[in-house]
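Notes to accompany the following structure.
The values are calculated or read from the model by the stated rules, or taken from the named source; none is laboratory data. Everything quoted here is computed from the prediction, not taken from an experiment. Note that each Cβ is placed from the backbone with ideal geometry, even for glycine, and that neighbours are counted across all protein chains shown.
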Amino acid sequence: MSAVTARARPRIVIAGGGLAGLSLGLALKQALADGVEVVMCDPALQRDPHGDKRSYAIAAAVRRMLEALGVWDQMADKAQPIRDMVITDSRLQDPVRPTFLTFAGDVDGNEPFAHMITAGDLTAALLQACRAAGLDLRPEGVKGFAPQGGRTDVTLTGGEVLPASLLVAADGARSRLREQAGIGWISWPYRQSGIVATISHERDHEGRAVEHFLPSGPFAILPLKPETQPDGSLRHRSSIVWSERSENVPALLESHPEDLLAELERRFGLQLGKLAFETGPQAYPLSFGVARSFVAERLALLGDAAHVIHPIAGQGLNVGLHDVAALAEIVTDAMRLGMDPGAADVLDRYERARRAEITAMGMMTDGLNRLFSNDVLPVRLVRDFGLGLVDRMPGLKRFFIREAAGLKESSPRLLRGEAL
């Protein structure tokens, strides 16, 4: 009998049933089976996940993780591969948008560097897998916790108290659990808001992603899987992430639908034909934020509870799922050695594993946003020269595309497609 099963079965409570929390719960339960009790708490677990129409770019390394977890097969026919990417830099009034940089979309043979998926589809697949794996799914929140040396007592909103070896806070950027633990939060606003929507268009996007760098912020067009209509025709679709100065957003969203569509067309262009909003645009303020520590006594922060970055590189969800891969591997390896999953030395390994990457990613996205959301002529000339230089260096382009795909030999096993 293993050291883990020879004593009372450890319990891990995950507060937050979003994509990061569900992925972590599934990874732990698949790896440790009856050696661990995983309890997931979130009022949203009682909702229909398909109601979430947000779209995300899933990098190749995260796709490999989802494949290792056994959920990618359900997503493959719903995911749109990104086949190539085009980057432009211009002003809205410019008659021509010159292309400064292009990326081919494949890494390691024919594997796309990223896929576009709908959050609701992935959430539904993860929920189904979590139920099959035996997670205890509780449609209620976590009210608080109290470390008691060898355990932490987790109080649910319904009043039940669950003694646990480890509590994982996956409760978002405004994490109450992070605040209760007294963990500081370093942040600053970007004075930009992100407008997101799904757009339908006449012509096929052919798997191409486009990023227009404009003075008010980047405007990204991300290809989605076409939908078959009742008459057998295809409705071509894309997701937009429209970064705009925050002071301009209320007037945009409150304008007449035709005026808003005209503003969209100015940024989107007409290369894909007539446009229409498939989902209403929604806006949210953009900011940078990072926790001063990713751990506290018997507590680990996950995803947005630990860090928030600018969406300019489309890496927000991917970075959170990298947290999942690291924490799942560290906890699994520790428990197989008979160690306490909530012990300080185990959690310190997670802190060390994630701090450097998060710091580097935060600095990169912050720097890119400041560089490209800038209309000063000398800055424009320098950055456009740099983009053109990269475009003429195939080796450097391959390096950047592998970085965007998250493919590193030092990555946790799940991100290499290996089961724990």
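Within region 272-284, the set of residues being in contact with a Gly (Cβ under 8 Å, 6 or more places away or on another chain) and surrounded by 12 or more Cβ atoms within 10 Å (Cβ to Cβ) comprises just one member, A283.
Among the residues of region 73-108, none is identified as more than 20 Å from A209 (Cβ to Cβ) and crowded, with 20+ Cβ neighbours inside 10 Å.
The strands (runs of 3 or more DSSP E) found wholly in region 1-87 and carrying at least 3 residues that are more than 16 Å from the chain's Cα centre (by Cα) occupy 11-15, 37-41. Quick one: how many residues across region 146-177 are in a strand (DSSP E or B), aliphatic (A, V, I, L, M) and closer than 23 Å to A306 by Cα? Adding up the residues that qualify gives 8. Looking at this structure, is A146 closer than 17 Å to V71 by Cβ and either surrounded by fewer than 13 Cβ atoms within 10 Å (Cβ to Cβ) or hydrophobic (A, V, I, L, M, F, W, C) (or both)? Criteria not met by A146.
Does G362 meet the test of being more than 30 Å from R11 (Cβ to Cβ), of a type in the set (G, A, S) and without any contact (Cβ under 8 Å) to a residue 24 or more places away in the chain? No; evaluated as a whole, the condition is false for this residue.
If you go through region 154-169 one residue at a time, do you hit one that is within 23 Å of the chain's Cα centre (by Cα) and surrounded by fewer than 22 Cβ atoms within 10 Å (Cβ to Cβ)? No, region 154-169 contains no residue that is within 23 Å of the chain's Cα centre (by Cα) and surrounded by fewer than 22 Cβ atoms within 10 Å (Cβ to Cβ).
I'd like to know if region 404-411 contains one or more residues that are among the polar types (S, T, N, Q) and within 21 Å of the chain's Cα centre (by Cα). The answer is yes; a qualifying residue exists. With respect to the conditions (1) acidic (D, E); (2) more than 23 Å from R63 (Cα to Cα); (3) modelled with pLDDT under 95, D348 lacks only one, and its number is (3).
Do any helices (runs of 4 or more DSSP H) entirely within region 307-420 hold 1 or more residues that are touching a strand residue (DSSP E or B) at 6+ places or on another chain (Cβ under 7 Å), more than 29 Å from W72 (Cα to Cα) and not aromatic (F, W, Y), and if so, which? Because the criterion is at least 1 residues that are touching a strand residue (DSSP E or B) at 6+ places or on another chain (Cβ under 7 Å), more than 29 Å from W72 (Cα to Cα) and not aromatic (F, W, Y), the helices (runs of 4 or more DSSP H) in region 307-420 that meet it are 344-372, 377-391. Considering region 276-300, and only residues there that are closer than 22 Å to D52 by Cα and assigned to a strand (DSSP E or B), the residue that is farthest from the chain's Cα centre (by Cα) turns out to be A276. For A251, the conditions (1) part of a strand (DSSP E or B); (2) farther than 29 Å from E206 by Cα; (3) of a type outside the set (D, E, K, R); (4) out of contact with any helix residue (DSSP H, G or I) (no Cβ under 6 Å at 6 or more places or on another chain) are fulfilled apart from (1). The single condition among (1) over 25 Å from G406 (Cα atoms); (2) modelled with pLDDT under 95; (3) part of a strand (DSSP E or B) that K143 does not satisfy is (2).
Within region 102-121, being touching a helix residue (DSSP H, G or I) at 6+ places or on another chain (Cβ under 6 Å) and either assigned to a helix (DSSP H, G or I) or at positive phi (or both) holds for one residue alone: G120.
Of all residues in region 179-195, those being of a type outside the set (S, T, Y) and surrounded by fewer than 20 Cβ atoms within 10 Å (Cβ to Cβ) number 9. The numbered conditions (1) within 20 Å of the chain's Cα centre (by Cα); (2) among the hydrophobic types (A, V, I, L, M, F, W, C); (3) crowded, with 21+ Cβ neighbours inside 10 Å are all true for V346 except (1). Among the candidates G314, G269, G303, the residue that is closer than 27 Å to T99 by Cα and either crowded, with 18+ Cβ neighbours inside 10 Å or within 15 Å of the chain's Cα centre (by Cα) (or both) is uniquely G314.
Residue-level analysis places A61 outside the set of residues that are free of Cβ contacts under 8 Å to residues at least 24 places away in the same chain and of a type in the set (A, V, I, L, M).
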